[in-house]
1. Which shape class applies to the protein assembly as shown: rounded if a/c is under 1.5, otherwise prolate when a/b exceeds b/c and oblate if not, where a ≥ b ≥ c are the square roots of the Cα gyration tensor eigenvalues?
2. Sorting B:Glu112, A:Glu38 on the 10 Å Cβ count, fewest up front, what's the list?
3. For peptide A:143-151, how many partner chain Cβ atoms fall within 10 Å of a residue's Cβ, on average?
4. Any chance you could tell me what percent of the C-alpha pair distances in chain A go past 33 Å?
5. Over the stretch A:145-266, one equal point on each Cα, no solvent: what is log10 I(q)/I(0) by the Debye formula at q = 0.11, 0.14 Å⁻¹?
6. If you consider only alpha-carbon coordinates, what radius of gyration and Dmax does the stretch A:45-199 have, in Å?
7. Grab chain B and count how many Lys pairs have their alpha-carbon atoms under 25 Å apart, sequence gap of 8 or more, or different chains.
8. Suppose R0 equals 60 Å; then what is the FRET efficiency for B:Val240 and A:Ala279 from their Cβ-Cβ distance, rounded to the nearest 0.05?
Amino acid sequence: MDLTTIWFIAIAVLFTGYFILEGFDFGVGMLLPVLGREERERRALINTIGPVWDGNEVWVITAGGAMFAAFPHWYASLFSGFYLLLFAILVGLIVRGTAFEYRGKGDTDRWRRNWDRCLIAGSAVPAFCWGVVVANLVRGVPLDANFDYTGSIWGLLNGYALLGGLTTLLLFATHGAYFLHLRTTGDLAERARATGLRLGAATAVPALAFLVWTQAAHGNWTTLVLIVLAVMALLAGLALDYTGRGGWAFAATALTIGLASAALFCALWPNVLPSTSDAANSLTHENAAATQKTLGIMTWAAVIFLPLILLYQGWTYWVFRQRVIVERIPVA
Amino acid sequence: MRDWGDMDVLDLARMQFGVTTVYHFLFVPVTIGLSLLVAILQTLWRTTRKTAYLRATKFWGKLFLINIAMGVVTGIVQEFQFGMNWSAYSRFVGDVFGAPLAFEALVAFFLESTFIGVWIFGWDRLKPGLHLAAIWLVAIGGLASAYFILAANAFMQNPVGYQLNETAGRAELTSFGAVLSNPVALAAFPHTIFASWLTAGTIVIAVSGYHFMHRRDLDVHRPAMRLGILTTLVGGLGLVLSGDSLGKVMTATQPMKMAAAEALYQTTYNAPFSVLTIGSLDGSRGTPIIEIPGLLSFLATGSFNGEVQGINDLNAQYQALYGPGEYAPYIPLTYWSFRAMIGFGMLAVAMAVIVWWCTRRGRMPEHRLFWPVAMWMAATPFLANSAGWIFTEMGRQPWVVFSLYETSEAVSPRVGVPTVAISFIGFTLVYLVLAVVALKLFLKYAKAGPPDAEGALATSSPSDEPDQPMAFAY
């Protein structure tokens, strides 16, 4: 396998890892107003992801950095072309990250309410926008001969992409609900389960529509298999949640996100950003790539550090495996 | 500066980069410096078992977290905006410049971000030794992160380890080792780290000074004050030495920047350094107020009689090399930012010396203005850090990559004014609000002081009691 293929897969893996990990972070953030009925419950919800959200977010920073190094043209075209979507994501991540750290450090209800709003919006907006970004990647955008996007923000808000955004929004919310079912206890866990069930059912409709559309417009045999498996995993998650197996339901949505993301990247291959105006201007894993030299060095770094990262991040999940009990939250 | 109505994408993109980068770098040195100090305080607690050190660890740990949150969230913008606003630049340098950024994320940022979570929430979950290791890993991650970012920046100041591929229209990597061992990076790294120590040390002096003034918890604040003074002085001394070597590297690689630092138009032997100048800096009517003979030659070459090339000669050389154009940066800005960097840095060191002298062997300064002045001096390292980066980046103009690529070519060609204006105004407003919030919180917790001994101890050891409240919760 040549290095540009390896790095296409590496970028796909980094984004997929990001969606699986920060997906449930986003979900927990979005469910704050739904499941957190009083202050201690809201704090319990936030503390389920307290120790890990920051590490999860580094996945996207690594994906961005790796894309810059391995596919400079992909990075340049995507980030300048999808400008306002990324701006919205950035503002979301900024207010959300600050909210985690600052929310508990004020004294008034107003302070906490405002940070809750930041947390909710800062989770929902990126969750939606990432779906729009990935859908547009697969769908393609008009590019000129320098690979620069020639359209405006309105060109990115097409039906297919908006459906993609709705899918990730709901899917991440479901993923978060299953996560909370797994990571909390008692009444809160039960309500997370019930909410997860409703959300999962609501997700199935746009997710199915989006994936079928993807298959019909951009699919091949590989994507077909992945999409069928993704839908099965989503339905399995629903059934598992219904029977009270929170952990397995969570594993199922993790699998759903992983398979769907894999399907989208397979639909994209061998392009990295297809041009809808002139196929000759499409960015592929070959014409977007860095030199063999750079890719080789990056490969060594990834081979050494990615297993190490998985090891210590996995260890942190083990350290903080205990369920968060509302009664154990110190009274502020 | 042209009218606001005439702003083009280049102006807006540059202003956005300036605002977001200077803002980001308000928090970075504090993070680098305080992570080390918190790690030292916690180590002192583990080795001496004195509760005062634990209370200091908890107190400074909280202030550290208020700061690092800002550093982390504003850092993401830095990585994304190269692609958003500077896509032409990204295409041109990505093969060389992207790798250190990717390494930063893989090697450093994962470490820092994962273990900060472990440290915050791990007080009652981990063995004490392991928990201590977490804060050291955070500190090491911060250092490694700084190195990779400075190596990337050094390529813009002094491109090495690349070759130009004319057909592909880009710089391509030939030696990653050369990129990482760029002499500019090797000199800028210690300079940045010493600046971080100066910054954190000054803050520790200011905050401890507040509690000295109120005679509160002196058993906690006295050792912290000593540590703060030591850190500031080591940082200050290191800044002088590393600044000297950075100046010489700069003279060798970017002579125009050194000439611009002094507004030196004619090539001069035994060139003086002016402390202040009145009049204009365009080379015609400037009147230096205090001049130190030969100092600029010494800074640039190591000899008081060394030759320092002037702006006019360099401009002529560059015009012969790179074609017609203006190759000098905006001189008043480089001249004054260079002086602001040095001056504010020296003020911080002077303050540390005075505080050390006035508090030596348990003395307590009595003048009612002593501590308020010391506290306000905490602003000086921030002014020095910002001025230093403004000098470094503005002194490189008109280049974005020195001698290879001009800033005016680097901007995203298809991104429109409204788009960049939205993000520039958006980020600026969000950052302004967050600056107020972060400062308020920092002051609130700085004034509140450390937890009492009982509270600090109760939540500092592993516990499997199912009913016990979590030691730390957001």
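1. Oblate, because a/c is 1.5 or more while a/b does not exceed b/c.
2. A:Glu38, B:Glu112
3. Average neighbour count from other chains, rounded to a whole number: 3.
4. 26
5. -0.41, -0.61
6. Every Cα atom of the stretch A:45-199 included, Rg and Dmax give 17.8, 59 Å.
7. So the count of such lysine pairs works out to 13.
8. So, using R0 = 60 Å, E works out to roughly 0.50.
A short reminder: the numbers here are calculations on the coordinates, not readings from a lab. Everything numeric here is computed off the predicted structure, so don't read it as measured data. Quick reminder, even Gly has a Cβ in these numbers, built from the backbone with ideal geometry, and neighbours come from all protein chains shown.
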